Amino acid sequence: MIDTVKLQQSLEARRARHLYRSRQVLEGPQGPRVVIDGREYLNFCSNDYLGLANHPEVVQAFKRGVDEFGVGSGAAHLVTGHARSHHQLEEELAGFVGRPRALLFSTGYMANLGVASALLGRKDAIFEDRINHASLLDAAQLSGARLQRYRHAGIEHLQQLVENNPSPDKLIATDGVFSMDGDLAPLPALAQVARQHGAWLMVDDAHGLGVIGATGRGSLEQFGLGMAEVPILVGTLGKGFGTFGAFVAGEAALIETLIQEARSYIYTTALPPAVAEATRTSLQLVQRESWRREKLQALIAQFRSGAAQLGLQLGESSTPIQPWIVGDTEQAVQLSEKLKQQGILISAIRPPTVPQGTARLRITFSAAHEAADVDHLLGVIAGVR
Ligand code: PMP
């Protein structure tokens, strides 16, 4: 029987293991500096990689969208919730990633659930990197397909699993940039395995789109891959684009199938059209202002070189996600608290979000940071370590 005493005991047990999660209340916009409890902090744990979440043009577009469309979309896309702004954004996103069509979802979590559950059934198989984002792993569960997890970036392991799997339809799904490690999936090798075995490859490029690749077209651009190699591309809009929502891009038949079959698309209220309007502007900024990606790369290089001098154990990452691997969960939590006392916000990421023994501080950079912020961060890390 479920009762509150039992819930309380399990919460206490969680606290004793340093796994208790709590929220911090921001008193203003997201940005390189945020205010919590009246104190300003330098923020190194946001996914607003390009500094667009509070960009004046994006804010203006959002307000314009509210003036034109009101606040709530009022219905699901297939009823009367699909507004002109959604439609235009879908066309513009498809153009951006060079695919015939794109379909908006309310969140990246729902996009992943939608794809797997629309395309797969009990007889099918889905292969996932062990450290894929939780939404891809949950998507597999919801689809009912057989989930086989391969070792992180383990192409040989994947190859064995795919070869020995008799399922008719096979989907290989991976993060493009791994959310807690910042490294890139070995997409060319994954595409080759997919091609050899008639499997489909799906890339969730939540942390890559807008942010990496010469023109911000993400991890596929970084590797020079297109729709032939990666038929299913998922992007999210709440990170590099600074707004909210997500999309899937691919062939028309894929998108129509999602419209007909993806329950997380069909049975939910459409995003507010004003969010789509704001995203249309942020998409323009992503394309027009390449200096944001260049600045970000310079900040990342500055941090990595300073961290090497301090002897910090970082992951193999060239992206704005720079994990400082601490190992012990309690120590990671203590370091995060000490940094907060010094005015720096960096979350401790603990199991089960990351494997046991790999607790870390997930440091993220934004084009809205300055070189002086990175110097300050390195100085404070040197002091608290
Ligand atoms: N995929 C990945 C790789 C992510 O990191 C996240 C968000 N943390 C999501 C999907 C979910 O996206 P959203 O926040 O839009 O639900």
- Please enumerate the residues belonging to segment 18-46 that are assigned to a loop (DSSP other than H, G, I, E, B) and open to solvent by 90 Å² or more (accessible area, probe 1.4 Å). Arg21, Ser22, Arg23, Val25, Glu27, Asp37
- Name, by its number, the condition in (1) open to solvent by less than 10 Å² (accessible area, probe 1.4 Å); (2) more than 20 Å from the chain's Cα centre (by Cα) that does not hold for Lys338. (1)
- Item | Residue list for segment 214-230, restricted to those being crowded, with 19+ Cβ neighbours inside 10 Å and in contact with an Asp or Glu (Cβ under 8 Å, 6 or more places away or on another chain) | Gly218, Ser219, Leu220
- Query: Just a yes or no: is a residue in segment 279-294 within 16 Å of the ligand (Cβ to nearest atom), open to solvent by 10 Å² or more (accessible area, probe 1.4 Å) and either touching a helix residue (DSSP H, G or I) at 6+ places or on another chain (Cβ under 6 Å) or more than 25 Å from Ala359 (Cα to Cα) (or both)?
  - Reply: no
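Go over the candidates Gly65, Gly51, Gly72 one by one and state the one that is within 30 Å of His369 (Cβ to Cβ), assigned to a loop (DSSP other than H, G, I, E, B), open to solvent by less than 70 Å² (accessible area, probe 1.4 Å) and among the small types (Gly, Ala, Ser). Working first, answer last.
On the way: Gly65 fails: assigned to a loop (DSSP other than H, G, I, E, B); Gly72 fails: within 30 Å of His369 (Cβ to Cβ).
Going through Gly65, Gly51, Gly72 in turn, the sole match is Gly51.
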- Note on the structure: Within segment 185-199, of all residues that are more than 14 Å from the ligand (Cβ to nearest atom) and in a loop (DSSP other than H, G, I, E, B), the one most open to solvent (accessible area, probe 1.4 Å) is Gly198
- Unmet requirement for Glu40, which otherwise passes all of (1) at pLDDT 95 or above; (2) under 25 Å from the mean Cα position of the chain (by Cα): (2)
- Number of the condition not met by Val275 [criteria: (1) within 12 Å of the ligand (Cβ to nearest atom); (2) in contact with a strand residue (DSSP E or B) (Cβ under 9 Å, 6 or more places away or on another chain); (3) assigned to a helix (DSSP H, G or I)]: (2)
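What are the residues in segment 311-335 that are open to solvent by 30 Å² or more (accessible area, probe 1.4 Å) and of a type in the set (S, T, N, Q), if any? Explain how you work it out, then say what you get.
We begin by selecting, within segment 311-335, every residue open to solvent by 30 Å² or more (accessible area, probe 1.4 Å); these are 311, 313-314, 316, 318, 325-326, 328, 330-331, 334.
Gln313, Ser318, Gln331, Gln334 - these are the residues of segment 311-335 that are open to solvent by 30 Å² or more (accessible area, probe 1.4 Å) and of a type in the set (S, T, N, Q).
Matching residues to (1) β-branched (Val, Ile, Thr); (2) farther than 16 Å from Gly250 by Cα; (3) out of contact with any Cys (no Cβ under 6 Å at 6 or more places or on another chain):
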site	(1), (2), (3)
Leu52	no, yes, yes
Val66	yes, yes, yes
Val79	yes, yes, yes
His87	no, no, yes
Val97	yes, no, yes
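The values are calculated or read from the model by the stated rules, or taken from the named source; none is laboratory data. Note that the structure is a prediction, hence the values are computed from the model and not measured. As a convention, Cβ positions derive from the backbone with ideal geometry for all residues, glycine included, and neighbour counts pool all protein chains shown. Note: areas computed on protein heavy atoms with side chains; ligands, DNA, RNA excluded. Shrake-Rupley method; radii C 1.70, N 1.55, O 1.52, S 1.80 Å.
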